[in-house]
Amino acid sequence: MAMDPPAPAAVKPKTPFPITIPAPMHATDGGRPFTDEANWAVEIKYDGYRTMAGIVKGEVELRTKNGVTCSHWWPEIVGALQKVPGGPHVVDGEAAVLVDGQSDFNKTHRRAARRGYAPGDDLVVFCAFDILIHKGRDVMGLPYTKRKELLSKLLVDVPGVLVVTYLPANVQHFATLVEGFKLEGFVAKKLNSLYLPGIKSRDWLKIKRKGWNEGRNWKS
């Protein structure tokens, strides 16, 4: 995984993007989500800004969770994704400043408040965790595990992008790791879950570390 983003690229003037970028799927807040762990996976949850990325032959469009164009907020992510070949692709992820591998929401929020990049700013990494369109094909109807395979193959060697991997759902073990490293929490996802754009689903369950206050002070 590459943790050092490339130098920010210039963002092209606004033109209509050639593909539709669907709304993101949302996790439901939950406690212990299931009794049958064999049917679930868990991912580390990064505390940043939810970001949908459209990629078409070197052209990149970034959107917030509410569909606001934010390509100019994160030019280093645009520069990283411009290196992804082909398309169209649509990828779901989190824009976050990482410090020693952990997300720092306050630093990410300060970057977002600038609505751009200035020399000396903290660099933002795209923490990619799902894919909706792959090489022009709608893959939202594929199971979670298959989408993860496609995502990893597409982005695993791209500098400035962190592909969020998953582990089998041993919740107690994972909760211990999250607490030990003081991470935000984790997301539990059904192995066969489909991607449901715009839907808050119990196929994805957000489980926060006790005492964690999630960053909420933005509306875009």
### Scope region 115-155; condition part of a helix (DSSP H, G or I) and in contact (Cβ under 8 Å) with a residue 40 or more places away in the chain; matching residues
Y144, T145, R147, L151, L154, L155
### Task
Could you tell me which residue of region 185-206 is farthest from T28 (Cα to Cα), considering only residues that are among the charged types (D, E, K, R) and at pLDDT 90 or above?
K190
### Task
Among the numbered conditions (1) surrounded by 21 or more Cβ atoms within 10 Å (Cβ to Cβ); (2) over 17 Å from the mean Cα position of the chain (by Cα), tell me where S103 comes up short.
(2)
#### Entry: region 18-40: number of residues that are assigned to a strand (DSSP E or B) and aromatic (F, W, Y)
1
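If you scan region 51-66, which residues turn out to be in contact with a helix residue (DSSP H, G or I) (Cβ under 8 Å, 6 or more places away or on another chain) and either free of Cβ contacts under 8 Å to residues at least 12 places away in the same chain or among the small types (G, A, S) (or both)? Full working, then the answer.
Just the residues of region 51-66 that are in contact with a helix residue (DSSP H, G or I) (Cβ under 8 Å, 6 or more places away or on another chain), to begin with: 51, 53, 55, 60, 62.
The answer is A53, and nothing else.
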### Message
Suppose the filter is on the phi > 0 side of the Ramachandran plot and at pLDDT below 75; does K182 pass it?
### Response
yes
### Task
Those residues that are modelled with pLDDT of 95 or more, surrounded by fewer than 22 Cβ atoms within 10 Å (Cβ to Cβ) and among the charged types (D, E, K, R), I need them from region 111-147; list them, please.
K135, R137, D138, K146
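Yes/no matrix, rows are residues, columns are (1) buried (at least 22 other Cβ atoms within 10 Å of the Cβ); (2) in a loop (DSSP other than H, G, I, E, B); (3) small (G, A, S):
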site	(1), (2), (3)
V42	yes, no, no
Y46	yes, yes, no
T51	yes, no, no
E61	yes, no, no
G67	no, yes, yes
H72	no, yes, no
V78	yes, no, no
G86	no, yes, yes
G93	yes, no, yes
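Tell me which residues, restricted to region 109-153, are of a type in the set (V, I, T) and farther than 21 Å from S193 by Cα.
First, pick out the residues of region 109-153 that are of a type in the set (V, I, T): 124-125, 131, 133, 139, 145.
V124, V125 - these are the residues of region 109-153 that are of a type in the set (V, I, T) and farther than 21 Å from S193 by Cα.
The values are calculated or read from the model by the stated rules, or taken from the named source; none is laboratory data. Worth saying up front: this structure is predicted, and the values here are computed from it rather than measured. No Cβ is skipped: glycine too gets one built from the backbone with ideal geometry, and neighbour counts run over all protein chains shown.
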